[in-house]
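Enquirer: What follows is a single structure, and I will ask about it in a moment.
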Amino acid sequence: SIAYRTATQDYRLAPGEQLTSSPGGIRKQRLPDTAPVLAWTTGMLWFEQTPIQEVFSRLEQYYGVLFSGRETVEQQLITGKFRREPLDHVLRVISESTDITFSREGQQITVRKK
């Protein structure tokens, strides 16, 4: 198990549980399926009804890029699995299945609504 301590509370997590933090506080929850969360350990990006803003954050971490203009995109849910795919391929798939376009200059990616 894993222990996590805040200034006011201690948490102990068992396998299959996670903590999430939001402006409302920290919440402990049981995951019905840990495969999407642990996929990164095998080099896979797995999105299962994932909010687009979270997708951008995970792509930034995974590929070392920075998305600008992301606040112009309406909230959408993304589902897909990518195993060690080039970033340009991932962006093309997202663009083909949403109303979002991307332009890339090095590690800077600009997000626009189609």
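Any read-out appearing in this document is the output of simple, stated calculations on the displayed coordinates, not a laboratory observation. The structure displayed is predicted, hence computed values, not measured ones.
Enquirer: Compute the helix-to-body angle for 87-97: its Cα long axis versus the longest principal axis of the chain, expressed 0 to 90° and rounded to tens.
Expert: Between helix and principal axis, roughly 80 degrees.
Enquirer: As a check on your grasp of the helix formula, calculate [θ] at 222 nm for the chain: sum -39500 (n - 2.57) over DSSP H runs of n ≥ 4, divide by the residue count, round to the nearest 500. Write out the running numbers ahead of the final one.
Expert: Values: 3 runs with 27 residues, N = 114.
It lands at -6500 deg cm²/dmol.
Enquirer: As a test of the definition: which semi-axes, in Å, follow for the chain when you take the square root of five times each eigenvalue of its alpha carbon gyration tensor? Largest first, please.
Expert: On the way: eigenvalues 175, 54, 34 Å².
Value: 30, 16, 13 Å, ordered largest first.
Enquirer: Between R104 and T72, what is 0.36 nm times their sequence separation minus the Cα-Cα distance? Round to one decimal in nm. Before the final figure, lay out each step's value.
Expert: On the way: separation 32, 0.36 × 32 = 11.52 nm, distance 1.65 nm.
Extra length available between R104 and T72 comes to 9.9 nm.
Enquirer: Using Cα springs under 10 Å in a Gaussian network model of the chain, which residue among L91, L13, L77 shows the largest mean-square fluctuation?
Expert: The residue that fluctuates most here is L13.
Enquirer: Any idea what angle helix 52-63 forms with the longest principal axis of the chain, computed on alpha-carbon atoms, 0 to 90 degrees, nearest 10?
Expert: The angle comes out at about 90 degrees.
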